[in-house]
Structure formats: structure tokens, C-alpha cells
Amino acid sequence: MGSFEAEIRSTVGWAARDPSGILSPYTFTLRNTGPDDVYIKVLYCGICHTDLHKIKNDLGTSKYPMVPGHEVVGEVLEVGSDVKRFKVGEMVGVGYFVGSCKSCHACQSDVEQYCSKIICSYNDIYTDGKPTQGGFAQTMSGLRGGILGLGGVGHMGVKIAKAFGHKVTVISSSDKKKNEALEHLGADEYLVSSDGNSMHEAADSLDYIIDTVPVGHPLEPYLSLLKLDGKLILMGPITTPLQFFSPTVMGGRKSITGSMVGSIKEAQEFLEFWKEKGLSSMIEVEFETSVFQGPNWVSSNDRSSKLTISDRDKDYHV
């Protein structure tokens, strides 16, 4: 257990204090480790476009000061008395949420990410009434799938789909990521969405498209790529209304759906699959604090790896 109980713990994170997109150092107090808590030192934290939405208050729910970050990897420093699965010194991960009611239908069905009382990793209130802060602080085979957008989520989508044995087409707005998609990630095809002829030739060819684009965009061009009963799966949180012509969907009995984060059980099963297949994500580790000094630090579409920050002197408490 260690000797953390009597300490008043504080740490320094990078916080948004307003919707400008600028982050600055922020010292805050960590709660004592409860029976079900795990206290970890943050080693790495991925940067997601959802963080940018929260930082800039695009969803209208942001509370400041806010330390974002929900893709955390760290080392366990201390565990609560009721914690059985983790030990001090182990490497662990923290995702989008850190708590739920544990008693509703969603929680009892192992889909606690849909619990109406879910507690997010940051920009939320924990059961003790204190704000949560994030990690910016110290087999279906034979399917043909499309990955729309080759960023941090998109590149992982390519690897996962290929691991499932799917034939994968990367769809992007230009050809500047073509070599990376085909040569480095192993995609089978590369489709430039602004090339009308190529898009026409690819019509009715895909069983599904995972749409990772986090900003408003037309859906019709991509719906036309789907086969009968194909699915367009939205993964990027978009803050403007999306429009499409209903006959585009009705004509092929197509569907538009979406997915949030996975449950804890799903995440554990997937990590086992990831390990079994020997997969790894492409990350761009950023140690310079200047990454937080402008509103476009994560929104550039030039990046096709997961932007990750590292500060091995910072702690994270879940």
C-alpha cells in the first residue's frame, strides 16, 4: 500500500481556463485513495479530438479550469483496500470514464459506458463532489471496410480491420497519406474523396465505413460507397448538424449509426486481441510544452499517428 494515506497530494497538469484552446500549468489537489481507487503516475497520454471539443466548449458543457486527457498509460503507485486486479508497479490504462452507478440495466449488462450516471475522466464530478481531472498531467472475415480519415483513430482502425481479416480501403481528402496507408499500415486500397471518377468506380463496394472525421462533412458521397445493408459508423464527435438525402439510405437499406467508447469488459477483451495479434499503435510523442500554446495543436489533419504527451513526473488519480 505504501505511505500515501497521510499525505496531501498535489500535482501539476496542463489546464484549459477558457475556450481559447490555450493550456497552461495548473496545480490541483488529488483525493486520498479510496477502497476502490487506483493511484497512478502518468507516463503517457494520447490526445484526442474530443479533448479539443471539451477544451473549446464546443458541446456547451465545459467547466474550467479543466485538465483534459482520457487516453492514459501509467504506473500503479497505490491501490485501495478492495482492489484485487492491480498491483503496485504494474502498467495500466485509463479511458474515457472512471465511474458509473453499477446498478442500472446498462451497468448490469456490461455496457456501463451508457450509464446515465457515468463519471467521465475529466470535466465531471466524482462521487465525493470534487471535479475529475484528466491525463494531461504528469471475427467477421471476408468483409470489405472503409476507414474515413487517417488520423489517430483512423490509423488504428486500419490495423484492427486488417487483423480481423477484412479488406480495407482508406478514404481521405487528398493523396498525401497514400504511401503511409498502403505501405506502412497495410491498407488494400486508397480512395481520394475529391476524385469523382474513383468514387464512382468504388460505389456499392464496402460493407461498412468507420467515419473518424470530427468536423461537419457531407455524408452522401460515403453512403454511396456502401453495399446493400452497409453501415456508416460515426466515431468523431461533430458539433454541427449532419444532412443527407434519405433516398441514399433507403435505396440500399443502409444505416447510419455511431459508437462511443467501449465498456471495461470490452476494453479488456480487446487488449487481449491486440496482444494476440502483436499490434501496436503509431504515436508521436511530444515533450515540448509549446504543443499546448495554440488552438490548432491537435486539429491539424496532417497527422496520421496518435499525438501523445509524456511527462514522467506527473501523477494521475482514478
* Structure fact -> Per the list (1) more than 18 Å from MET250 (Cβ to Cβ); (2) crowded, with 17+ Cβ neighbours inside 10 Å; (3) out of contact with any Gly (no Cβ under 6 Å at 6 or more places or on another chain), residue check on THR212 breaks on (3)
* **Members of region 29-74 found to be crowded, with 16+ Cβ neighbours inside 10 Å, hydroxyl-bearing (Ser, Thr, Tyr) and within 22 Å of SER259 (Cβ to Cβ), listed by number** => THR50
* Structure fact -> Checked against (1) in a loop (DSSP other than H, G, I, E, B); (2) of a type in the set (Ser, Thr, Tyr); (3) surrounded by 13 or more Cβ atoms within 10 Å (Cβ to Cβ), THR169 satisfies every condition except (1)
* Asked: Do we find a residue being in the same structural domain as THR61 (by TED's automatic domain parsing), surrounded by 21 or more Cβ atoms within 10 Å (Cβ to Cβ), in contact with a Ser or Thr (Cβ under 8 Å, 6 or more places away or on another chain) and farther than 25 Å from LYS254 by Cβ anywhere in region 122-131?
  -> yes
* To do: Output the residue which, of all residues in region 264-282 that are of a type in the set (S, T, N, Q) and out of contact with any Ser or Thr (no Cβ under 9 Å at 6 or more places or on another chain), is farthest from GLY186 (Cα to Cα).
  => GLN268
* **Those residues of region 248-262 which are modelled with pLDDT of 90 or more and exposed (fewer than 12 other Cβ atoms within 10 Å of the Cβ), in sequence order** => MET250, ARG253, THR257
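For every residue, the table says whether it meets (1) assigned to a helix (DSSP H, G or I); (2) of a type in the set (Asp, Glu); (3) surrounded by fewer than 12 Cβ atoms within 10 Å (Cβ to Cβ).
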{"site": "LYS176", "(1), (2), (3)": "no, no, no"}
{"site": "GLU183", "(1), (2), (3)": "yes, yes, yes"}
{"site": "ALA187", "(1), (2), (3)": "no, no, no"}
{"site": "LYS227", "(1), (2), (3)": "no, no, no"}
{"site": "GLY236", "(1), (2), (3)": "no, no, no"}
{"site": "PHE244", "(1), (2), (3)": "no, no, no"}
{"site": "GLU269", "(1), (2), (3)": "yes, yes, no"}
{"site": "LYS275", "(1), (2), (3)": "yes, no, yes"}
* Structure fact -> Expected single match for touching a strand residue (DSSP E or B) at 6+ places or on another chain (Cβ under 8 Å) and among the charged types (D, E, K, R) among GLU189, GLU266 is GLU189
* **Checklist (1) outside the structural domain of GLY251 (by TED's automatic domain parsing); (2) over 30 Å from GLU272 (Cβ atoms); (3) among the polar types (S, T, N, Q) applied to SER194, failing item** => (1)
* State whether one or more residues within region 23-32 are assigned to a loop (DSSP other than H, G, I, E, B), at pLDDT below 85 and closer than 23 Å to ASP128 by Cβ. => yes
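The values are calculated or read from the model by the stated rules, or taken from the named source; none is laboratory data. Model, not experiment: these values are computed from the prediction. Every residue, glycine as well, gets a Cβ built from its backbone with ideal geometry; the counts of neighbours run over all protein chains shown.
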